[in-house]
1. Quick one: if you stick a label point 7 Å off each Cα along the C-beta vector at residue 144 and residue 70, how many nm between them?
2. By a straight-distance test (C-alpha under 12 Å), which aspartates and glutamates pair with residue 76 as possible cross-link partners, with residues fewer than eight away in the same chain excluded?
3. How high is the relative contact order of segment 2-154, given as a whole-number percent (alpha carbon pairs under 8 Å, six or more residues apart)?
4. Quick check for you: which residues of segment 114-132 have the amide N under 19 Å from the point 7 Å beyond the Cα of residue 154 toward its beta carbon?
5. So how far apart, in nm, are the two label points at residue 119 and residue 23 if each is 7 Å from Cα heading toward Cβ?
6. May I ask you to work out the translational diffusion coefficient for segment 83-157 at 10 °C, viscosity 1.306 mPa s, via Stokes-Einstein with Rh from the Kirkwood sum over Cα pairs, reported in whole µm²/s?
7. Under the Kirkwood approximation applied to all pairs of distinct alpha-carbon atoms, what is the hydrodynamic radius of segment 29-82 in Å?
8. When the gyration tensor of segment 39-127 is built from Cα positions, what are the square roots of 5 times its three eigenvalues, in whole Å, from largest to smallest?
Amino acid sequence: MMRSIRNRLRSRRGNAMVEFALSACVLFPLFIGTFQYGYTFYVYNLLCAHMRGGARYASLKTFQASHSDAWKTAVKNMILYGNSAGTGAMIQPGLTAAQIDVEIKDPNGNNADATHVPYYVTVSTTNYSVDAVMTTFNFNGKPAVQFPYLGRYAPEE
């Protein structure tokens, strides 16, 4: 009688290892996919907050038609560094000024200049990639934020 109980216990010895191996084939990809989705969503949410802050800054900043490149650089610096001077550490790792598109337009969609009064500001990304665990996600044109222009328009300064 004792001998048969011992034989049964010995025959079940490897069951836990086999069950773990079978369930790990399903669980590990599930955990990796969850991590990848969560990380990408975190980066996208952080990018949305920076774009929104940059667009809000751009909508209130004085626009001088003769210095539109400097105006766009200041907005990009606000998104990248959190200040218009472009000093300090980058807030969003891997994001460059070339990957940020800043546009200021009149009501008809023309670029604001000395003859077109600014009406709205749009800030978006171009070809920003996030390397996750298994794949790379490309944010092209997203997130995009649009604010009405409420700043001072100085066409001749």
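Nothing in this text is a laboratory measurement; each read-out follows from the coordinates by a stated rule. Because the structure is predicted, anything quoted here is derived from the model rather than measured. For neighbour counting, all protein chains shown are included, and Cβ atoms are generated from backbone atoms with ideal geometry for every residue, glycine included.
1. Reported label-point gap for residue 144 and residue 70 is 3.0 nm.
2. Cross-link targets: 101, 103.
3. Working: 214 pairs, mean separation 36.3, N = 153.
24 percent.
4. Counting only backbone N, you get 114-119.
5. In this crude spin-label approximation the distance works out to 6.2 nm.
6. After rounding, the answer is 109 µm²/s.
7. Every distinct Cα pair counted, the radius reaches 12.9 Å.
8. Values: eigenvalues 117, 41, 20 Å².
Square roots of five times the eigenvalues give 24, 14, 10 Å.
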